[in-house]
Amino acid sequence: FPSHDMAPKEVQTTAILVQKLLQDHHFSGKPLTEEMAREWVRSYMESLDYNHAFFLDADLRAYQDTYGPQLAKLTQRGDITPAYEIFSGFSDRVRSRLDWIRTRLTLPFDFSLEQTYEIDRTRVGWPVDRTSADDLWDRRLKFDILREKLVSQTDAKTGKKAKEEKPLETVSKRYDRLLRNLEDYDSEEISQLYLTALASLYDPHSSYLSPSSLEDFSIGTKLALCGIGAVLSSEDGFCIIKELVPGGPADLDGRLKVGDKIVGVAQGDGHFEDIVDLKLRNAVKKIRGPKNTLVRLQ
């Protein structure tokens with residue numbers, strides 16, 4: 001991810017403007033103090049790790065101590081290096097934990113112990129050390145496996161088609177997807193999370209929209225979307241048709257079916273672009289287009 005010197009000029013300018021507008025023109029009239037900066041760090045870390053599962057409490061204190069005293073000055077000159085450095089630390093924590101999970105899933109689990117797992121950890125702090133984190137994840141994996149077993153049993157009782165894969169395989173694939181989601185983050189998303197974390201300190205309804213998010217927001221408010229009339233999702237790196245909008249182009253054409261995987265997109269008579277493992281937002285951009293133009297799908 002880009003350092004301050006490599007960050008796009010637009011991002012630097014935006015960071016300066018966001019801080020200036022909030023500090024000088026927000027009704028609360030609050031300057032960006034060191035105390036607020038420390039809360040900014042916490043808020044940004046929670047936007048990355050909302051359920052307090054990957055970072056450690058020591059990470060919070062280290063980032064707060066490092067950036068708290070200088071965050072205001074850094075942002076005033078458009079330097080958002082802390083956003084990328086904290087994200088890099090998050091990425092390292094996630095990758096390390098996923099390595100641990102892969103190893104742990106090869107070992108037996110003892111389900112005879114009386115244990116609980118708190119699903120919503122948003123109000124709980126980060127684990128104090130690696131040992132506490134390992135214990136947390138051991139409980140979480142047990143919970144995941146038991147939940148998948150219960151789902152399979154429920155499906156069997158209700159006559160639904162049972163999953164072909166075993167609970168352990170389902171859980172393993174789920175965490176493999178987590179790594180792909182991590183790799184999907186780009187500079188624009190990181191800066192949006194970082195600056196939104198700043199805006200949220202002034203009031204819970206303020207946020208920063210990146211250019212892509214603003215475009216999506218504008219499409220929604222203006223009802224100006226021209227697309228194929230399909231609800232899409234991303235599964236295992238594939239763009240999947242989840243729903244066809246009645247009366248839309250895809251529905252009227254009749255060839256697309258729910259569950260189809262879109263692997264390539266071409267505008268008009270152009271060549272097909274491979275979209276496997278492409279971020280869903282970017283895949284959707286390639287499928288959208290002006291009204292009455294042609295898009296071809298593989």
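Amide H contacts for residue 232 (H built 1.01 Å from N in the peptide plane; partners 5 or more residues away or on another chain; cut-off under 5 Å): 242. Equivalent-ellipsoid semi-axes for the stretch 30-123 (Cα gyration tensor, √(5λ), whole Å, largest first): 34, 15, 9. Give me the distance in nm between label points sitting 7 Å out from Cα along the Cα-to-Cβ direction at residue 106 and residue 183, one decimal. The modelled label-to-label distance comes out at 2.1 nm. At a 1.4 Å probe radius, carbon and sulfur cover how many percent of the accessible area of the stretch 46-196? The computed percentage sits at 51. Working from label points 7 Å from Cα in the Cα-to-Cβ sense, the residue 288 to residue 34 distance is 4.5 nm.
The values are calculated or read from the model by the stated rules, or taken from the named source; none is laboratory data. Keep in mind it's a predicted model, so treat the numbers as computed, not measured. A quick note on method: Cβ atoms are made from the backbone with ideal geometry, for glycine too, and the neighbour counts reach across all protein chains shown. Keep in mind that these areas ignore ligands, DNA and RNA; they rest on the heavy atoms of the full protein, side chains included. Shrake-Rupley method; radii C 1.70, N 1.55, O 1.52, S 1.80 Å.
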